[in-house]
1. Just one of the numbered conditions (1) over 27 Å from Leu340 (Cα atoms); (2) in contact with a Gly (Cβ under 6 Å, 6 or more places away or on another chain) is not true of Trp44; which one?
2. Filter the helices (runs of 4 or more DSSP H) completely within the range 304-385 down to those with at least 2 residues that are open to solvent by 70 Å² or more (accessible area, probe 1.4 Å) and farther than 16 Å from Glu268 by Cβ.
3. Could we say that Ala227 is of a type in the set (A, V, I, L, M), outside any helix (DSSP H, G or I) and touching a helix residue (DSSP H, G or I) at 6+ places or on another chain (Cβ under 6 Å) here?
4. Which of the residues belonging to the range 61-82 are in contact with a strand residue (DSSP E or B) (Cβ under 7 Å, 6 or more places away or on another chain), more than 16 Å from Ser293 (Cα to Cα) and either hydrophobic (A, V, I, L, M, F, W, C) or not in a loop (DSSP other than H, G, I, E, B) (or both)?
5. Which condition breaks for Gly243 when tested against (1) open to solvent by less than 10 Å² (accessible area, probe 1.4 Å); (2) touching a residue at least 40 places away in the same chain (Cβ under 8 Å)?
6. Working only within the range 253-297, note down all residues that are closer than 17 Å to Asn165 by Cα and of a type in the set (Lys, Arg).
7. For the range 181-227, enumerate the residues that are among the hydrophobic types (A, V, I, L, M, F, W, C), without any contact (Cβ under 8 Å) to a residue 40 or more places away in the chain and under 18 Å from His168 (Cα atoms).
8. Going by the structure shown, is Leu273 in contact with a Leu (Cβ under 9 Å, 6 or more places away or on another chain) and in a loop (DSSP other than H, G, I, E, B)?
Amino acid sequence: MQTVGKPAGSADPKRHLWVLGLIAPSSALLPSQLVLHTGAAVFWWIGPIIVLVVIPLLDWTIGEDGSNPRDEDYELLSNDRYYRWCTYLFLPIQLIGLGVACYMWAGHELSVVDKLGLAATLGFVSGIGINAAHELGHRVERLERWLAKIALAQSGYGHFFVEHNRGHHVRVATPEDPASGRLGESLWEFLPRSVSGSFRSAIGLERARLARKGKRWWSVGNHILQAWAMTVILFGGLVAGFGPAVLPWLALQAVVGIALLETVNYVEHYGLLRARRPNGLYARCSPGDSWNSDHLVTNIFLFHLQRHSDHHANPGRRYQTLRSSEEAPQLPSGYATMILLAAIPPLWRRVMDKRVLGHYDGDVTLANIQPRKRRRILSAYGLTA
């Protein structure tokens, strides 16, 4: 893979910045203190403020990362446990923040609007927690895979553990993948398709895996049931501790977290389609099958999730070893900004459709096109279906 940017002068010049990724779960602990000391109720919404306002501004101000790890440092970085602890510590902070939020949801001091803001903040933490689970779930170590299921408990999206690894990574950038956005498909069309399709896919994949092992669905070895059990235990414990009044807020923050994850899925592969081999099978996933961004602030905040092209080409790489590549199509800004654009379909298509076309050297037939809009899109470029 040809990388871009200057090789790092040290094994990792960002080494001491990775702990800043813990700002995400810590944002669940900040609202009460910020409101207490400033009197400004807007801080109940600190999660959306950080992700949708502060980070895009910092991305724009600070710019791109511009460095890549050296090949000779790969083993050193991979085996350095400091990077693992940056993800491990995400979990206790995340769960403590959820407990604090439940205490406030159960009380009567906050208005409904303030509780909504707190739920939005916890939802953003939940969504970013899925990203921590994503990093942990790709590892072969048993402990990290269990930690991934725990990280998914807050969102109730435990089947992601199965679908992402054995579904999405196999079918990415193809019409068969529910988590790959299609050219001409709006975010609001994509969300129900991805959520329902990923759920069905995960069930089918896990049922088939268990059948190959001679096990039934209701087995203790069922990865989906294990992950869902984490949510039942977590939510059940919180309801037992704080009362049933917290249940609607727990559900709301989970929905926000799921929506954030799926919006990022939409951004990551919009319109991209893997080539087919002569035998009809799809070619191996390459860096050109994922949108990439190398803005420094979001890189730190999301543990290099934006170096998504290298992640799909080399899913076994830990986040600190991921690289930017010249082969990868580039987003105009970081994920945080692209999430905002995706929410406004006309603006999104104005920015991204031409980039999809440019990636395929003007041949729109090479893109992953929304089936029901295919005729209209081809006609717009002077082609027939």
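The values are calculated or read from the model by the stated rules, or taken from the named source; none is laboratory data. Source: prediction; values computed, not measured. Counting neighbours? That spans all protein chains shown, and the Cβs are built from the backbone with ideal geometry, glycine included. Remember, those area values only see protein heavy atoms, side chains included, never the ligands or the DNA or RNA. Shrake-Rupley method; radii C 1.70, N 1.55, O 1.52, S 1.80 Å.
1. For Trp44, the exception is condition (1).
2. 345-359, 374-380
3. Working: of a type in the set (A, V, I, L, M): yes; outside any helix (DSSP H, G or I): no; touching a helix residue (DSSP H, G or I) at 6+ places or on another chain (Cβ under 6 Å): yes.
No.
4. Answer for the range 61-82, where residues must be in contact with a strand residue (DSSP E or B) (Cβ under 7 Å, 6 or more places away or on another chain), more than 16 Å from Ser293 (Cα to Cα) and either hydrophobic (A, V, I, L, M, F, W, C) or not in a loop (DSSP other than H, G, I, E, B) (or both): there is none.
5. (1)
6. Arg284
7. Filtering the range 181-227 for residues among the hydrophobic types (A, V, I, L, M, F, W, C) gives 183, 187-188, 190-191, 195, 199, 202-203, 205, 208, 210-211, 217-218, 220, 224-225, 227.
With the extra rule that they be without any contact (Cβ under 8 Å) to a residue 40 or more places away in the chain, the set shrinks to 208, 210-211, 217-218, 220, 225.
If the condition is that a residue be among the hydrophobic types (A, V, I, L, M, F, W, C), without any contact (Cβ under 8 Å) to a residue 40 or more places away in the chain and under 18 Å from His168 (Cα atoms), then Ala208 is the only one that fits.
8. Details: in contact with a Leu (Cβ under 9 Å, 6 or more places away or on another chain): yes; in a loop (DSSP other than H, G, I, E, B): yes.
For Leu273, the condition - in contact with a Leu (Cβ under 9 Å, 6 or more places away or on another chain) and in a loop (DSSP other than H, G, I, E, B) - is met.
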